[in-house]
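Coordinate-derived values only; no laboratory data. Since this is a predicted model, take the numbers as computed values, not measurements. Ideal geometry is used to build each Cβ from the backbone, glycine not excepted, and the neighbour counts take in all protein chains shown.
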Amino acid sequence: MYAAGYQGGTIPYTYGSGVSVSGASSTTNAVLVKYDSNGTALWAKSVTSGSNHSCFNSVTVDSAGNVYAAGYQTGTGTYTYGTGVSVAGSSSANNVVLVKYNSSGTAQWARTVSSGSSDSIFFGVAVDASGNVYAAGYQMGIGSYVYGIGVSISGPSNYNNVVLVKYNSSGTAQWARTVTSGSIGCKFNSIAVDTFGNVYATGAQYGNAAYTYGTGATATGLQEDENVVLVKYGP
């Protein structure tokens, strides 16, 4: 079992006998803990450098036992998740982050946005049978966000726009999706993949305007506040 979130400050946190970890920041530090089926902590990992906030919001495991944790890190400084695994975001606000660990807790790679001037956060992560990784959340504003070489996307709202990004098992971004219409704001909170590789993202869209998630895929809510939304994407 794996649990992900954050711990505050630079003091050590003990998750079990002989399993403790300290973060680098005096604010919040992303943390990932592995337990066995009896609830015994096996290891814990955090950031070893990074002076501002970091947090993991979701975690998933592939068929080979690799672990993927998704969330955010704040500011343009460099965050280190393991030996040789460091990443720096582009915004002084929050930047999405996705980190791959092996089953022993050794960080393999980390990814964020290389361009994007405002807030972006991943809230959900899932993996398919081929080892591809999907991360979902939001990016703020109408500017372009770059998730990898040749993979960039812009949303229509000055507020939150949903974002869904596909990476291969090596961490190379394959594509990114957002809404093409919808003026108030929307976000994805959770994600799942079925055995056929279809991707399902759930979250909220704001207001009773129409939001377009793809060709022929438009949803209109009833409330002026939050409306639930579920979107299916093909493989």
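Would it be correct to say that residue 94 is crowded, with 21+ Cβ neighbours inside 10 Å, of a type outside the set (A, V, I, L, M, F, W, C) and in contact with a Gly (Cβ under 6 Å, 6 or more places away or on another chain)? So residue 94 fails the test. Taking first residues from region 197-214 that are of a type in the set (S, T, N, Q) and partners that are surrounded by fewer than 16 Cβ atoms within 10 Å (Cβ to Cβ) and not in a strand (DSSP E or B), the Cβ contacts under 8 Å between residues at least 6 apart in sequence or on separate chains come to 198/234; 198/235; 208/222; 208/223; 208/224. Just one of 154, 120 is surrounded by fewer than 24 Cβ atoms within 10 Å (Cβ to Cβ) and in contact with a Phe, Trp or Tyr (Cβ under 9 Å, 6 or more places away or on another chain); which is it? Residue meeting the stated conditions: 154.
Selection within region 21-37: residues that are touching a Ser or Thr at 6+ places or on another chain (Cβ under 7 Å) and closer than 22 Å to residue 65 by Cα. The member of this set that is surrounded by the fewest Cβ atoms within 10 Å (Cβ to Cβ) is 21. Could you look through region 42-84, keep only residues that are of a type in the set (A, V, I, L, M) and surrounded by fewer than 18 Cβ atoms within 10 Å (Cβ to Cβ), and pick out the one that is farthest from the chain's Cα centre (by Cα)? This residue is 42. For region 166-184, filtered to residues that are in contact with a Phe, Trp or Tyr (Cβ under 8 Å, 6 or more places away or on another chain) and touching a residue at least 40 places away in the same chain (Cβ under 8 Å), the residue that is surrounded by the fewest Cβ atoms within 10 Å (Cβ to Cβ) is 170. Output the number of the condition that residue 215 fails; it satisfies all remaining conditions of (1) among the hydroxyl-bearing types (Ser, Thr, Tyr); (2) within 18 Å of residue 58 (Cα to Cα); (3) loosely packed, with under 14 Cβ neighbours inside 10 Å. Among (1) among the hydroxyl-bearing types (Ser, Thr, Tyr); (2) within 18 Å of residue 58 (Cα to Cα); (3) loosely packed, with under 14 Cβ neighbours inside 10 Å, the lone unmet condition for residue 215 is (2). Out of all the residues in region 186-193, is one or more without any contact (Cβ under 8 Å) to a residue 40 or more places away in the chain and of a type outside the set (Asp, Glu)? Taking every residue of region 186-193 in turn, none turns out to be without any contact (Cβ under 8 Å) to a residue 40 or more places away in the chain and of a type outside the set (Asp, Glu). Per the conditions (1) crowded, with 19+ Cβ neighbours inside 10 Å; (2) of a type in the set (A, V, I, L, M, F, W, C); (3) in a strand (DSSP E or B), the sole criterion not satisfied by residue 113 is (3).
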